[in-house]
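Computed from the coordinates by the stated procedures, all read-outs in this text should not be read as laboratory data. Bear in mind that the values here come from a model prediction, so they are computed numbers and not experimental data. In this analysis, Cβ positions are derived from the backbone assuming ideal geometry, glycine residues included, and neighbour counts consider all displayed protein chains.
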Amino acid sequence: DVILISPGTYNESLVIRVADITLQSLDPMDATTVESTIIDGPRFPTKTIDMKAHGVVLSGLNIRGSTDGIQCNYFDKLIERCVISSGVIYKTSGIIQDNTITAEGGIVNSHGLIQRNVIMYGKGIRSDFALVPLTATILDNYIAHKGIGISLCKGRIVNNTIVHNRVGLSSCDGLIRNNTIAFNTWEYGCGLAYCDGTIEGNIIYGNEAVNIPPGSPDRSVGAGLLNCNGTIRNNFIFGNYSENRGAGLAGCSGSIIIHGVISDCAYLITMVSSLWELGEGHHAQIGNRKSGVYPTRDPGRNRSVRGIPL
């Protein structure tokens, strides 16, 4: 069944108990129609939409109001082409696609498919439980202006643009491929931190590890990658900066295979296993022998390193 909702503001808190039902605006493909079809939940802690059945579809709605947002209860929902500006999308094993999400709570404990969304100004995509990481597949999203873009995920993270956050990815142990991770700024681990999966084919640039606030004890390290101990291969890592050390990679071990560019990084690599033939146009493998490497001690940018002896 399909319930068509005309433009207007509906001050409602909805509980959906009927399976296989679609709630949609008159034209989910038209941005003006979507913006003007508003489900406005109460401001006190209750959910704007609480789904208690399988197969519910939300399409082309402007959802706002409650700080508790949309509760999906791990049912196989589809949320598409909506504008979601408050609350959180919580516990879905379905599909979240083609939405604009500026809700402060972000997407939490969702284990389905998250694709082609614009996700800004909230808390990103994350698990609330360190022992239960997300298994979501996260594809082709634009994720910006958050604390951490994606955290505690062991699913596939592919073709996303993750920019202007404090940290791009943290504690993500699945496949991280072909993402652009840029202009993230924090004290440490600004691009990727503690990600132990396969990291390949990504563009990692313009991330900055700085002391916050300025003049505080110097903890800035690992602007590009920090303590990522899986397989790191064929990434382009350049233009990152650290006020202290490890602008490119810091504290990373495991299998590191580079056939691309690592350049423009002050204090390029420190505390990695071992290092040889690293730099633009070279293929490098970093083995398992413990060694600390400090290719440059100048805190500037625009550095390229190749053929560094052990």
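Annotations for the structure displayed:
- Phi to ³J(HN,Hα) by Karplus 6.51 cos²θ - 1.76 cosθ + 1.60 over the range 203-208, Hz, x for Gly, Pro: 9, 10, 8, x, 7, 10
- Taking amide H as placed 1.01 Å from N in the peptide plane, Lys123 has its amide H under 5 Å from the amide H of Gly105, Gly106, each at least 5 places away in sequence or on another chain.
- Burial ordering of Val18, Val88, Val108, fewest other beta-carbon atoms within 10 Å first: Val18, Val108, Val88
- Prolate/oblate/rounded call for the range 1-123, Cα gyration tensor, a/c under 1.5 rounded: rounded
- Gap separating the Cα centres of the range 2-48 and the range 179-209, nearest whole Å: 37
- Computed from the Cβ-Cβ distance with R0 of 35 Å, the FRET efficiency linking Asp140 to Ser6 stands at 0.65.
- Within the shell defined by Cβ-Cβ distances under 11 Å, the residues around Cys72 carry a net charge of +2, with Lys and Arg each +1 and Asp and Glu each -1.
- Net length available on complete extension from Thr46 to Asp128 is 27.6 nm, with 0.36 nm assigned per residue and the Cα-Cα distance removed.
- Of Glu243, Glu187, the sequence from fewest to most neighbouring Cβ atoms within 10 angstrom is Glu243, Glu187.
- Proximal charge balance of Leu26 [Cβ under 14 Å; K/R count +1, D/E count -1]: -2
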